[in-house]
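A quick write-up on the structure given underneath.
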Amino acid sequence: MTKTAGLHYDQYPALKEGYKDYFLIGTCGPLAAPRAELIGYHFNAYTPENEMKAQHVQNVKGAFTFGALNALLDNVAALGDIKLIGHTLAWHSQTPDWMWDAPALDRAAALANLNAHIDRVLGEYGSRLYSIDVVNEAIGTPHPNDWRASVNKGEGWYLALGWEWVELAFVRAARVVDKNGWSCKLYYNDFDLDSAAKAQSVFAMVRDINARYAGTRPNGKPLVEGVGMQGHYNEDTKPADVEASVRLFAALPGVRVSFTEVDLAWRNTGTLTRDQAVAQGQKYAQLFQIFKEYAAGPANTSANPKLIERVSFWGTNDGDSWKAAGLPLLFNAPGGGQIIAKEALVAALYPDEYQNGR
Ligand code: XIL
């Protein structure tokens with residue numbers, strides 16, 4: 001083993017350096033000291049965890065509030081060469097109900113709201129973004145052979161617009177990006193995509209949408225350019241299932257995959273025991289082995305499809321995680337300005353050695 005866990009974060013090679021010829025390495029979350037320095041050191045992509053969600057940028061119809069997001073993105077950009085990722089334009093959660101015109105659910109009114117939101121938010125940020133999650137979490141109970149029946153029928157956008165809501169959002173986002181000549185990639189993002197049935201529903205949806213809108217964008221771009229596998233994993237997650245879904249998405253022409261919100265929660269309420277920390281490291285190492293073997297970058301010399309362009313963690317240190325009780329991330333912050341590497345960081349840096357050395 002090249003390194004042991006437990007040292008300050010800057011005593012290790014930067015993750016972004018280790019993976020620079022494979023994929024981007026991202027994170028999200030607060031910049032409170034010393035996290036900004038940590039983010040600048042290890043990461044080259046950043047997603048606002050909440051600040052771009054509808055509730056934060058247009059809670060009141062027509063009143064766009066970009067102050068907090070502008071300040072955050074400016075502070076992140078000041079950390080160095082770091083790609084900004086948008087999250088998210090159309091979702092059922094953290095979105096005010098008026099957007100889908102609840103309770104009337106008038107189709108024309110809801111569509112006007114969706115379009116106005118996308119025009120304004122993507123219009124404001126699209127020039128600065130590497131990619132954006134246009135639609136988040138549209139699939140409910142999967143029907144692998146009928147993606148339209150798989151679109152979650154309880155979500156506001158569905159209630160107002162039907163299954164078409166997914167492509168309506170993408171069409172509008174593409175209009176904004178393309179008329180400005182921007183490169184911001186348009187992603188569909190969802191959780192549990194290591195479930196074969198759900199992955200098949202997303203696969204069928206993206207294949208169908210991209211086929212029906214083929215030729216509508218410049219330079220042959222597909223309408224949906226990427227699938228985001230959120231990657232909220234736990235100790236029961238099977239890396240082989242993750243790999244199977246990556247292979248499935250690789251059959252979508254011109255479509256990339258990113259792991260957009262990776263964490264690995266342990267059934268635990270206090271601190272990880274040494275054995276648990278190592279077991280978590282082992283699972284991270286297995287996942288990173290897969291990420292490397294399907295990486296889009298030139299360092300991937302495997303015979304596999306090459307499509308993973310970004311691996312982002314959903315946070316930096318465990319205490320700041322939305323799943324803090326599961327201690328799911330690479331670092332912990334014991335206080336006093338320290339951010340300490342867990343076994344998970346060593347595993348993510350050295351997946352081959354980590355699996356072989358223990
Ligand atoms: C979570 C944030 O991490 C929390 O701070 C917030 O309270 C709720 O949302 N899928 C997503 C993310 O796409 O936006 C969610 O983020 C986690 C699940």
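The values are calculated or read from the model by the stated rules, or taken from the named source; none is laboratory data. Keep in mind it's a predicted model, so treat the numbers as computed, not measured. Neighbour counts run over all protein chains shown; Cβ positions are idealised from the backbone, glycine included. Ligands, DNA and RNA are stripped out before the accessible areas are found, and what is left, the full protein with its side chains, is counted by its heavy atoms. Shrake-Rupley method; radii C 1.70, N 1.55, O 1.52, S 1.80 Å.
Out of all the residues in the range 259-269, which are over 9 Å from Gly231 (Cβ atoms) and within 16 Å of the ligand (Cβ to nearest atom)? Talk me through it step by step, then tell me what you get.
In the first step, residues of the range 259-269 are kept if they are over 9 Å from Gly231 (Cβ atoms); the result is 265-269.
Correct list: Ala265 only.
Which of (1) modelled with pLDDT of 95 or more; (2) at positive phi is the odd one out, the single condition Gly337 does not satisfy? The single condition Gly337 does not satisfy is (1). Checked against the criterion of being in a loop (DSSP other than H, G, I, E, B) and under 20 Å from the mean Cα position of the chain (by Cα), the range 52-63 has at least one qualifying residue.
Within the range 207-224, restricting attention to residues that are touching a Pro at 6+ places or on another chain (Cβ under 8 Å) and in contact (Cβ under 8 Å) with a residue 24 or more places away in the chain, the residue that is farthest from Asn145 (Cα to Cα) is Pro222. Residue pairs whose Cβ atoms lie under 8 Å apart, separated by 6 or more positions or on different chains, with the first residue in the range 170-195 and open to solvent by 10 Å² or more (accessible area, probe 1.4 Å) and the second part of a helix (DSSP H, G or I) and within 16 Å of the ligand (Cβ to nearest atom), are Asp192/Lys198.
Within the range 226-245, restricting attention to residues that are out of contact with any helix residue (DSSP H, G or I) (no Cβ under 6 Å at 6 or more places or on another chain) and among the polar types (S, T, N, Q), which residue is surrounded by the most Cβ atoms within 10 Å (Cβ to Cβ)? Across the range 226-245, the extreme among qualifying residues is Gln230.
Filter the range 77-88 down to the residues that are away from the ligand (no atom under 12 Å from the Cβ) and open to solvent by less than 50 Å² (accessible area, probe 1.4 Å) and list them by number.
Scanning the range 77-88 gives Ala77, Gly80, Ile82, Leu84.
For Thr216, state whether it is within 26 Å of Met99 (Cβ to Cβ), among the hydroxyl-bearing types (Ser, Thr, Tyr) and away from the ligand (no atom under 16 Å from the Cβ).
Details: within 26 Å of Met99 (Cβ to Cβ): yes; among the hydroxyl-bearing types (Ser, Thr, Tyr): yes; away from the ligand (no atom under 16 Å from the Cβ): yes.
Judged against the criteria, Thr216 is a match.
Residues of the range 42-57 that are under 22 Å from Ile308 (Cα atoms) and more than 10 Å from the ligand (Cβ to nearest atom): His42, Phe43, Asn44, Ala45, Tyr46. With the condition kept exactly as written, say whether any residue in the range 296-311 is small (Gly, Ala, Ser) and crowded, with 21+ Cβ neighbours inside 10 Å. The answer is no; no qualifying residue exists. Within the range 103-119, at least one residue is touching a residue at least 24 places away in the same chain (Cβ under 8 Å), β-branched (Val, Ile, Thr), buried (at least 21 other Cβ atoms within 10 Å of the Cβ) and more than 16 Å from the ligand (Cβ to nearest atom).
When Leu248, Leu223 are checked against the criterion of being open to solvent by less than 10 Å² (accessible area, probe 1.4 Å), away from the ligand (no atom under 16 Å from the Cβ) and of a type outside the set (Val, Ile, Thr), a single residue qualifies: Leu223. Which one is nearest to His42 (Cα to Cα) among residues in the range 57-76 that are loosely packed, with under 14 Cβ neighbours inside 10 Å and of a type in the set (Gly, Ala, Ser)? Result: Ala71. Listed by position, the helices (runs of 4 or more DSSP H) inside the range 89-202 whose residues that are within 18 Å of the chain's Cα centre (by Cα) number at least 2 are 107-125, 165-180.
Yes or no: Val171 of a type in the set (Val, Ile, Thr) and over 30 Å from Ala77 (Cα atoms)? For Val171, the condition - of a type in the set (Val, Ile, Thr) and over 30 Å from Ala77 (Cα atoms) - is not met.
With respect to (1) in contact with a Ser or Thr (Cβ under 7 Å, 6 or more places away or on another chain); (2) touching a residue at least 60 places away in the same chain (Cβ under 8 Å); (3) within 15 Å of the ligand (Cβ to nearest atom), the lone exception for Pro144 is condition (3).
Take the conditions modelled with pLDDT of 95 or more, crowded, with 19+ Cβ neighbours inside 10 Å, within 16 Å of the ligand (Cβ to nearest atom) and not in a loop (DSSP other than H, G, I, E, B) and apply them to Gly26. Does it pass? Answer is yes for this residue. Restricting Phe249, Phe331, Phe259, Phe291 to residues that are aromatic (Phe, Trp, Tyr) and farther than 19 Å from Tyr46 by Cα narrows the list to Phe249.
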